[in-house]
Amino acid sequence: MLIAAKPFAAHDSLPGERPVARSEVATGPSAMKKFASAAVFSAMLAGSAVALGAGGDSKGRVSVYVTAKDTQQRLARADDLFMTSNVPLTEKEEYIFVDPSKKFQTVLGIGGALTDAAAETFYKLPENKRAEVLTAYFDPRDGIGYTLARTHINSCDFSSESYDYVQSGDKTLSSFNIGHDLKYRIPFTKAAIARAGGQLTVFASPWSPPGWMKDNTNMLNGGSLRPDCYDCWARYYVKFIQAYEKEGIPIWGLTVQNEPMAIQKWESCNYTAEQERDFVKMHLGPALKAAGLRKKKVIIWDHNRSFMYIRAATVLEDPDAAKFVWGVGYHWYVGDNFENVARVKEAFPATHLLFTEGCHGPFDPARLNDWQWGELYAKSMIHDFNNGAEGWTDWNVLLDQQGGPNHVQNYCFAPIHADTRTGELTYMNSYDYIGHFSKFIRPGARRIISSSTTDKLLATAFQNPDGKIATVVLNLTDEAQPFNLSIPGGLARTSSPARSIMTLVAGGK
């Protein structure tokens, strides 16, 4: 049975209204959709909430949102909690301590990738379903409010074909033309920016230079950039930025190369750490500067956490290269290695950290509703943010019923899948789990201390520009876990359901 769902409805979050859950269980293409009450979870909280409120000395209200396994709760608004003060601490209870006086990195954004595959799938949908996808992802009130997006320079595996933007051998780049992208990807990206109210930070990544620039003469199967093409490839980034911005798509920054250590059967290009350092120092950085694009953010590595320290160190320890580098991007595909994110931040505290890609696969329609998918996202996001990440980028925002299109059959999962034959949309629980962060942790938020007294609960907390504190609590166990949310001046007693994620929002102007 597939779980389909509408976007988070506007009235779900209006203060004073009865909580509702966004959940629709589809048993076939024409299944009726419905909203379910959040009464089950609300009932779990009601006793403690009422007791705290009845005790007097209330210090504030906490809004609660929950997604839980084996329930109808999907980003559902539960009953508010009420903070009370002067409650003595005891080792017989568990706590999550949040301290807004200790502030760390500023959030750039949370979002996903606007690939050819996502765009092509989008334009195979009827108009009302396109509107639903845009709202679901990019509307900060009626959706989960994505504010960060990645796109690609030339084709990637999630394109229907391999392509580049110049004629073979044209080192002058006089033939540069992004006509291919005008059909799907550019209109889709512009629609996403518009639905986000113009507040969408876009960065770009190349999977491969044109084949004629490489020593294997092929965009696929690895290979390396030819030394005589370093300069024209650097100018290629400039041409891409200028062309996209001419189409009304501001490019905030770019990564040097997607997965520079991977030899893939799809578009790929390999750099040693020293080659990446020298390309940035002697070619890409100067090319951006010469074109008046010095403020564009350059991100190195863009590969797994496993090697990120040594790759970052090789570039950042060279001041002539480091002066052009904004930060270090990374993926999750080989082990968790969460501590390596912290190692980079410890060694290079002035650098910025950005999670640039993650997804699950291979695609299997029978596993669309496995609960683990959302949990794996949330586990990664909590650890990455707590180790210093300033933004987090999922891979494809939308794929079809096969987990594509993909020109090398490297199919995978996306938070929303569209059946392009029927127009049906299927929302995986990863959409909801990511939404517990992206909807409530906004650009400009500062991470603050969140300290859990139990290994059963993972947590991260941020203070938004409006003063509201958003605390995300993840329970990966099969048992409910009572805990106290403690913020200086107040405490609220609640419980995390088994296999759930909660966002608790307190304070604000």
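The values are calculated or read from the model by the stated rules, or taken from the named source; none is laboratory data. Treat the numbers as computed from the prediction; the structure is a model and nothing was measured. Using ideal geometry, Cβ is built from the backbone for each residue, glycine included, and neighbour counts are taken over all protein chains shown. The area values use the complete protein model at the heavy-atom level, side chains included, leaving out ligands, DNA and RNA. Shrake-Rupley method; radii C 1.70, N 1.55, O 1.52, S 1.80 Å.
Solvent-accessible area per residue for the chain at a 1.4 Å probe radius, Å²?
Working: 18820 Å² over 509 residues.
That works out to 37 Å² per residue.
Roughly what % of Cα-Cα distances in the chain sit above 28 Å, to the whole percent? Please report the intermediate quantities before stating the final value.
Working: 68450 of 129286 pairs.
It works out to 53 percent of all Cα pairs.
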ask   = Let a ≥ b ≥ c be the square roots of the eigenvalues of the Cα gyration tensor of the stretch 115-182; is it rounded (a/c under 1.5), or, if not, prolate (a/b larger than b/c) or oblate?
value = prolate
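Ratio of alpha-carbon Rg to the 2.2 N^0.38 Å globular estimate for the stretch 385-509, to two decimals, please. Before the final figure, lay out each step's value.
Values: Rg = 17.7 Å, N = 125, 2.2 N^0.38 = 13.8 Å.
Against the compact-globule rule of thumb, the ratio is 1.28.
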Binned Cα-Cα distances of the stretch 336-416, short to long, each 5 Å bin given as a whole percent = 3, 14, 22, 19, 14, 12, 10, 5, 1
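How big is Rg to Rh over the stretch 296-346, alpha-carbon atoms, Rh as the Kirkwood inverse-mean-distance radius? Please report the intermediate quantities before stating the final value.
Details: Rg = 10.7 Å, Rh = 11.1 Å.
Result for the stretch 296-346 is an Rg/Rh of 0.97.
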task = Counting only DSSP beta bridges with both residues in the chain, tell me the antiparallel percent, nearest 5.
result = 60 percent
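Taking only the C-alpha atoms, wrap a convex hull around the stretch 172-238 and report its volume per residue in Å³ as a whole number.
Values: hull volume 7.6 nm³, N = 67.
Cα-based convex hull of the stretch 172-238, divided per residue, equals 114 Å³.
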message = Just to confirm a number: summing +1 for Lys and Arg and -1 for Asp and Glu over residues other than Pro187 whose beta-carbon lies under 10 angstrom from that of Pro187, what do you get?
response = +1
key: Convex hull volume per residue for the stretch 191-294, taking Cα atoms only, in Å³   = 109 Å³
request  = Pick out the long, greasy-scoring helices in the chain: whole DSSP H runs spanning 18 Å or more along their own axis by Cα, mean Kyte-Doolittle at least -0.5.
outcome  = 39-54
task = Would you work out what percent of the accessible area of the chain, with all protein chains in place, is carbon or sulfur (probe 1.4 Å)?
result = 53 percent
request  = Determine the calculated [θ] at 222 nm for the chain from helices alone, applying -39500 (n - 2.57) to every DSSP H run no shorter than 4 residues and normalising by the residue count; nearest 500 deg cm²/dmol.
outcome  = -7000 deg cm²/dmol
